Every structure is written in C-alpha cells, then in structure tokens.
Amino acid sequence: MPYSAPLWRYPGPNGWFFVDVPAELALPVLGPFGRTPVRATVDGHTWATSVWREASGRVLLAVPKRVRGAKHEGDAVSLSITIDVSIRR
C-alpha cells in the first residue's frame, strides 16, 4: 500500500535519512536485530533492503542518497514496502 511521509535525518555528521513506517503498515520482525527484509519503492525507485523496529516500537526505513535524490529533511516521499523473504540479510 503506497503512502507519503516526510524524510528525517539522524543527527550528527553524515547522518542517515529515514522515513517512519506508519503503525498500521508495520511489518512483523522476521530477522535479527528487529529487521524485516523488504522491497521498498520510494518515488519510483525500488530496491531490496530492510526495515527495522526500534525498542520504542517505531519502524524505520533508511532512504539512501541515490534514492532520495535532491530531497532534504522534511520533504515528503511516496513509498511502498512489501515483505520479501527471498532477501537474505
């Protein structure tokens, strides 16, 4: 199911960019460290990755530079994620 969410950046030098996965779309934990293998599509770019659940319960998707392009913190992205058990992490 596609949805839109703002990018946010982890603080610090070279901090990664993330998108929160809404609770209603949170995926079950299938791998180590609270990770779930997925196929993610952000603004039309699809790649194999993982989402992970923090201790707080929040589910995160890291969005690399090659995918987010010129977008910055606070900019909305359109995304969808599906579980992909064929991905081995």
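Each value in this text was obtained by applying a stated rule to the coordinates, not by laboratory testing. Bear in mind that the values here come from a model prediction, so they are computed numbers and not experimental data. Note that we place each Cβ from the backbone using ideal geometry, even for glycine, and neighbour counts take in every protein chain shown.
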Among 48-60, 66-78, what's the highest-first ranking by average C-beta atoms within 10 angstrom per residue? 48-60, 66-78
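Can you give the Kirkwood hydrodynamic radius of the chain from its Cα pairs, in Å with one decimal?
On the way: mean 1/r = 0.0757 Å⁻¹.
This gives a value of 13.2 Å.
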